[in-house]
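> What follows is a structure written as structure tokens; I'll ask about it next.
The values are calculated or read from the model by the stated rules, or taken from the named source; none is laboratory data. These numbers come from a predicted model, not from an experiment. Cβ coordinates were reconstructed from backbone atoms using ideal geometry, including for glycine residues, and neighbour counts include every protein chain displayed.
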Amino acid sequence: MNNNRLVGLGILLAIIAFIASQCFYTVREDKQALVLRFGEPVRDENAFNKEEDAGLKFKWPVIENVRFYDRKNLVLDLLPQPILASDQERLVVDAFIRYRITDVQQFYEAFNTRAAAEIQMKNILDSLIRDTLGSVESPEIISGQRADLMNAIEA
């Protein structure tokens, strides 16, 4: 009889521990979390433009799940690509993007994942580089107008 009670108590404690582990999550200082209830954004934790509140957080098990996003500056390095300048000179351009997720709910609704956002950014930057540098002769790209061209691409 005592062994059955101990086994039952052990099983009960294991179930309680499992449910408790599903109720809590930790947000690191370099991350921001988006809490989703049935796939819809409910709240964000440790968001970029808000007061830092990293640490142990509560969520409803099964009903809510959590997605984590970086809070720091991110870099997307593009592969070198050939560009044809307006004087038909072929140049190889290497570019990168620095970005930060400032509104995690809007980011989730627009892209869902970082990979999807980076694909979109690569396509946009590729188009901007081709349009901007394709309309200028190669000596202007290589020489002094380089900063002005970079600012035009940045916009």
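> Got a number for residues in the stretch 96-139 being in contact with a Leu (Cβ under 8 Å, 6 or more places away or on another chain) and charged (D, E, K, R)? Break it down into steps so the answer makes sense when it comes.
Initial filter on the stretch 96-139 (in contact with a Leu (Cβ under 8 Å, 6 or more places away or on another chain)): 96-101, 104-105, 108, 114, 118, 121-122, 125-126, 132-134, 136, 138.
Those still in the list that are charged (D, E, K, R) too: 98, 100, 114, 118, 122, 126.
Total satisfying the criteria: 6.
> Inside the stretch 28-45, can you point out the residues that are acidic (Asp, Glu) and closer than 16 Å to residue 106 by Cα? If you could, list the steps in order and put the result at the bottom.
Step one: of the stretch 28-45, the residues acidic (Asp, Glu) are 29-30, 40, 44-45.
If the condition is that a residue be acidic (Asp, Glu) and closer than 16 Å to residue 106 by Cα, then 40, 44, 45 are the ones that fit.
> Shifting gears a bit: With the condition kept exactly as written, say whether any residue in the stretch 36-46 is touching a helix residue (DSSP H, G or I) at 6+ places or on another chain (Cβ under 9 Å), under 24 Å from residue 119 (Cβ atoms) and among the hydrophobic types (A, V, I, L, M, F, W, C).
The answer is yes; a qualifying residue exists.
> Given the criteria free of Cβ contacts under 8 Å to residues at least 40 places away in the same chain, over 29 Å from residue 126 (Cβ atoms) and not charged (D, E, K, R), does residue 9 qualify?
For residue 9, the condition - free of Cβ contacts under 8 Å to residues at least 40 places away in the same chain, over 29 Å from residue 126 (Cβ atoms) and not charged (D, E, K, R) - is met.
> What about residue 98, is it without any contact (Cβ under 8 Å) to a residue 40 or more places away in the chain and within 30 Å of residue 139 (Cβ to Cβ)?
Answer is yes for this residue.
Residues are listed down the side, and each one gets a yes or a no for (1) touching a Leu at 6+ places or on another chain (Cβ under 8 Å); (2) surrounded by 13 or more Cβ atoms within 10 Å (Cβ to Cβ); (3) at positive phi:
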site	(1), (2), (3)
5	no, no, no
14	no, no, no
19	no, no, no
31	no, yes, no
35	no, yes, no
39	no, no, yes
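> Against the definition (closer than 25 Å to residue 122 by Cα and not β-branched (Val, Ile, Thr)), how does residue 87 come out, yes or no?
Here the answer is no, as residue 87 does not meet what is asked.
> Considering the stretch 62-102 alone, what residues qualify as being in a strand (DSSP E or B), hydrophobic (A, V, I, L, M, F, W, C), surrounded by 14 or more Cβ atoms within 10 Å (Cβ to Cβ) and at pLDDT 90 or above?
Matches in the stretch 62-102: 66, 68, 74, 76.
> Follow-up question, since we're still on this one. For the stretch 41-61, name all the residues that are buried (at least 18 other Cβ atoms within 10 Å of the Cβ) and part of a strand (DSSP E or B).
Scanning the stretch 41-61 gives 44, 45.
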